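For reference, the structure discussed in these notes is given below.
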Amino acid sequence: MKLYKRKEEDTAPVGQADPYMIQADDGRYYLYATGPDGASLFSSDSLLDGWEYEGECLDMTGQKSCWAPSVIYMEGKYYMYYSSLDEDAESEHQQTLRVAVSDSPRGPFQMVKKLAAPFSIDPHVVINDSGIYHFYCRNVLDAERVGTYIFCDRMTDPLTMEGNPVCVVKPTLDEEIYMKDRFRKGEDWYTVEGAFYFHMGQTHFLMFSGANYTNPTYFIGYCVAHGPEDADLRTLDWKKYPDEHTYAPLLCNTDFIEGMGHNSVIFDSGECYIVYHGRDLRDVGTAGDARSARIDKMSINGDVLEVSLTR
């Protein structure tokens, strides 16, 4: 179901692409999304209703085109990981991972530094007993399936990448084609992106989106690995569910919603919820990017995830 209910004369952006949700230390829920002018912020005291638009929460001085903000809390600070362009950049292929810091989940977040070279996007930073890990996407040009892959690197602190990234998810399906003949005839471009990690005991899940959000095959899938809760997440044996060569989307187009992808996960009152974007087919004709944030219950049974999709 949609999270944010638009109001008459609403100033909020039409869409909330790449939604990332946290519950902050003040008990309130915060949703960060790709916005037209930076990182859009929504908040609520209740997980499923009462969401309000709070404005843009990232200082974009010297930057433009913020994508996929995600936030963690550590030692009294909130860290926002995202990608953006320098304000004089001429191509989206110059998107670069960055980190910004704030004392509050509401921001304003101030950019501290770049974390990787272009092209690098879609960060998700997680903490376990063995350290801080950064999942992100970058291009691979010397593979059988040329395109965007998901990597994982360890961080020495919330501001510094170790510099030893490992590829953890790669394209293996024709349904993951982002664009056929993208840069030259006969060379299709594949994409897996939008990583989100969580674990249940020693079962580890790495969720991702495949293809282009405008493609009919665009989907949310996931990988599974088994290992200690404090494992180095780069060393786990990640395998797509149910296998590397079967197209078995957790979420994909239905008769009432399309373009479902780039998710986060939140646990609340013993229930697991998936937060993702999608375009409601009942909103045809809406101006702008109409990828709205949505939320549904997700069940976890061993290695199997299932979503109870609602309208």
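What follows is calculated from the coordinates using simple rules that are stated; it is not laboratory data. All values derive from a computational prediction rather than experimental measurement. In this analysis, Cβ positions are derived from the backbone assuming ideal geometry, glycine residues included, and neighbour counts consider all displayed protein chains.
For the pair R282 and D157 in one chain, pulling the backbone fully straight at 0.36 nm per residue adds 40.5 nm over the alpha carbon distance. Among V112, V14, V125, which one moves the most in a GNM of the chain with springs linking Cα atoms closer than 10 Å? Taking springs between Cα atoms under 10 Å, the residue moving most is V112. Exposure proxy for L3, L281: other Cβ atoms within 10 Å of each Cβ, ordered fewest to most, give L281, L3.
When only Cα pairs under 8 Å and 6 or more residues apart are kept, what is the percent relative contact order across the chain?
So the answer I get is 14 percent.
Using C-alpha pairs under 8 Å with a sequence gap of at least 6, the mean separation divided by the residue count of the stretch 170-226 gives a relative contact order of 30 percent.
Test of understanding: ordering C66, C272, C223 by Cβ neighbours within 10 Å, fewest first, what list do you get?
Numbers: C66 28, C272 16, C223 22.
Going from sparsest to densest Cβ surroundings: C272, C223, C66.
Close amide-amide hydrogen proximity is noted between G194 and S209, each under 5 Å apart and 5 or more residues distant or on a separate chain (H modeled in the peptide plane; Pro and chain starts excluded).
One Cα centroid belongs to the stretch 210-267, the other to the stretch 1-67; the line between them spans 23 Å.
In this structure, K185 and E90 have a Cβ-Cβ separation that, at R0 = 25 Å, corresponds to a calculated FRET efficiency of about 0.50. With a/c under 1.5 counting as rounded, go ahead and sort the chain into rounded, prolate or oblate using the C-alpha gyration tensor (a ≥ b ≥ c being the square roots of the eigenvalues; past the cut-off, prolate if a/b is larger than b/c, else oblate). Verdict is rounded for the chain.
Sequentially through the stretch 248-260, phi angles give Karplus couplings (6.51, -1.76, 1.60; θ = phi - 60°) of 9, x, 5, 9, 7, 3, 10, 7, 10, 8, 9, x, 7 Hz, Gly and Pro residues having no value and appearing as x.
Counted by neighbouring Cβ atoms within 10 Å, the residues M74, M60 run from fewest to most as M74, M60.
Residue separation of F256 and L309 scaled by 0.36 nm, minus their Cα-Cα distance, works out to 18.0 nm of gained length.
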